[in-house]
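Comments concern the structure below.
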Amino acid sequence: MTINVSDADGRHRSPFRAFARRALALGGAGLVSVTGVVALSGSAQAAGTTLGAAAAGSGRYFGTAVAANHLGESGYATTLDTEFNAVTPENEMKWDAVEGTRNTFNFSNADSIVSHAQSKNMKVRGHTLVWHSQLPGWVSGLAATDLRTAMNNHITQVMTHYKGKIYAWDVVNEAFQDGSSGARRSSPFQDKLGDGFIEEAFKTARSVDPAAKLCYNDYNTDGVNAKSTAVYTMVKDFKARGVPIDCVGFQSHFNSNSPVPSDYQANLQRFADLGVDVQITELDIEGSGTAQATNYGNVVKACLAVTRCTGITVWGIPDKYSWRASGTPLLFDDNYGKKAAYTAVLTALGGTSGGGTTDPGTGGGGTDPGTGTKTCTATYTATQTWQGGFNGQVTVKAGSAAITAWSVKVTLGAGQTTTGVWNGTTAWDSTGKVMTVTPSYNGSLAAGASTSFGFTVQANGNTAAPTVSVCTAS
Ligand code: G2I
């Protein structure tokens, strides 16, 4: 069955107008000519339409690092509250932030994140108690006995302040060296207290808040390598000797120099097999478009394949606030538009985009008992605009029967060219203006489920929205 969906007025819009237009498209079934199928229904908050809700479908959380100074920005807070059900303070719980002066504790910024999270029923990951970085100078200057006292006091004071409010603490962060040595990293703690500082920190932590999960957290430990094996050996030893440890965090900061390892899932699994939870704690993947989306999807799939992988945290919301913003490593663009990576993550989590739920009358997403006819609709949204071009996104939604393939026709305006298409495979007609987009990995949609593809348009003076027409399903 073929359904024609055309762009209402063909004009390119500001993000605010695009938002208003999306609301119109969702509410306005009149834009879509459908025979025998009720088009769209339900609320954007229905289960599985956001990252947090989709992750909750398998009992997991989907979190983000949060910076207190952005909470007053409405796009930031709205995206946080809509999409995520866990937070990690990005810097606000670090030693320099809470105890810059010995025994003088300042929790105000961290408190603002924790209270925000609590008001929204979000989990909080505490980050981090003992770390060589962002460590005030006074700590590094202490001699061994005093340092041990200061470390245990810091853990005790901070964990007492947040007792009962923290899902998991990164008790010790990044204590191992990079490279092939498998050795501990030099730090004031390591150098003055020796290897035993790690287990001492965990024992102190357990005594303060027995309800919090206690994690060891590190980077470059995402695949099977010398560093991850050194951590593995330590965790195995802790479990054997009854040193309290509940989880291992895999930061998962990826880029072309440090790609997602092919044995990522196997590595998570070998830690889980030691009897600890595993968590992806600081995920970001530099890149753009399909390549970035594919990597993100693969990371999520790896976590879902490991029963004890209890949740995923990305290290920030929009690219512009990333610690490595130039690599555009996050799920939302600078205007909080959902990137292809977002869609890949949501899809991998088993969620559905586009704000729709299943059609009424299908009995909860099954094939429409009336017809079983395979249909789809396509809705265009401009997600980002800049001098000279824009990004367009097309949401493809299955009708009241599940589909395994779809095809959408997109006609560019005069003078326009595309410089990239993601989450879809293109075939061009002889004019070079009409592309037929078919799925790359996202062809199978349950009844009422959605996916999206996107493209970048070089406007060449024509900012009109491309015409999206003819969604064909099979
Ligand atoms: O470096 C990425 C992460 C690696 N694993 C541990 C994480 O805690 C770490 O996070 C980053 C934050 O994302 C950055 O925001 O840690 C950095 C410090 O090691 C943070 O950067 C610092 C800047 O270096 C400071 O100049 C700045 O004052 O953020 C501070 C607060 O904005």
Within region 69-106, residues polar (S, T, N, Q), touching a residue at least 40 places away in the same chain (Cβ under 8 Å) and away from the ligand (no atom under 14 Å from the Cβ) come out as THR78, THR79, ASN103
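Given ALA25, ALA55, which one is small (Gly, Ala, Ser), modelled with pLDDT under 50, open to solvent by less than 20 Å² (accessible area, probe 1.4 Å) and more than 16 Å from the ligand (Cβ to nearest atom)? Outline the logic, then answer.
Numbers: ALA55 fails: modelled with pLDDT under 50.
Step by step, each of ALA25, ALA55 is checked, and only ALA25 is small (Gly, Ala, Ser), modelled with pLDDT under 50, open to solvent by less than 20 Å² (accessible area, probe 1.4 Å) and more than 16 Å from the ligand (Cβ to nearest atom).
Considering each residue of region 148-184, count those that are assigned to a loop (DSSP other than H, G, I, E, B) and either within 16 Å of the ligand (Cβ to nearest atom) or open to solvent by less than 20 Å² (accessible area, probe 1.4 Å) (or both), and give that number. Working first, answer last.
Restricting attention to region 148-184, the residues satisfying the condition of being assigned to a loop (DSSP other than H, G, I, E, B) are 162-167, 174-175, 177-183.
Next, only the ones that are either within 16 Å of the ligand (Cβ to nearest atom) or open to solvent by less than 20 Å² (accessible area, probe 1.4 Å) (or both) stay: 162, 166, 174-175, 177-178.
Result for region 148-184: 6.
Test ASP273 against the criterion of being within 13 Å of the chain's Cα centre (by Cα), at pLDDT 95 or above and closer than 25 Å to ALA230 by Cβ, and give yes or no.
It is false that ASP273 is within 13 Å of the chain's Cα centre (by Cα), at pLDDT 95 or above and closer than 25 Å to ALA230 by Cβ.
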So the check is Cβ under 6 Å with 6+ separation or different chains; which pairs have a first residue in region 128-140 that's more than 10 Å from the ligand (Cβ to nearest atom) and a second one that's among the basic types (Lys, Arg)? TRP138/ARG102
Breaking point among (1) within 25 Å of the chain's Cα centre (by Cα); (2) within 23 Å of GLY350 (Cα to Cα); (3) surrounded by 22 or more Cβ atoms within 10 Å (Cβ to Cβ), for GLY392: (2)
When region 214-229 is checked residue by residue, the ones that are surrounded by fewer than 20 Cβ atoms within 10 Å (Cβ to Cβ) and more than 16 Å from the ligand (Cβ to nearest atom) are GLY223, VAL224, ASN225, ALA226, THR229
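Does region 297-305 include one or more residues that are over 19 Å from ALA56 (Cα atoms), away from the ligand (no atom under 16 Å from the Cβ) and touching a Cys at 6+ places or on another chain (Cβ under 8 Å)? Please lay out each step first, then the result.
Within region 297-305, the first condition is being over 19 Å from ALA56 (Cα atoms), and the residues that meet it are none.
No - not one qualifying residue is present in region 297-305.
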Subset of region 424-473 (residues that are under 25 Å from GLY351 (Cα atoms) and assigned to a loop (DSSP other than H, G, I, E, B)): SER440, TYR441, ASN442, GLY443, SER444, ALA446, ALA447, GLY448, ALA449
Pick from region 107-127 the residues that are within 14 Å of the ligand (Cβ to nearest atom) and not charged (D, E, K, R): which of them is farthest from the chain's Cα centre (by Cα)? ASN109
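The values are calculated or read from the model by the stated rules, or taken from the named source; none is laboratory data. Everything quoted here is computed from the prediction, not taken from an experiment. Here Cβ is always computed from backbone atoms with ideal geometry, including for glycine, and neighbour counts include all displayed protein chains. These area figures cover heavy atoms from the full protein model, side chains too; ligands, DNA and RNA do not enter into them. Shrake-Rupley method; radii C 1.70, N 1.55, O 1.52, S 1.80 Å.
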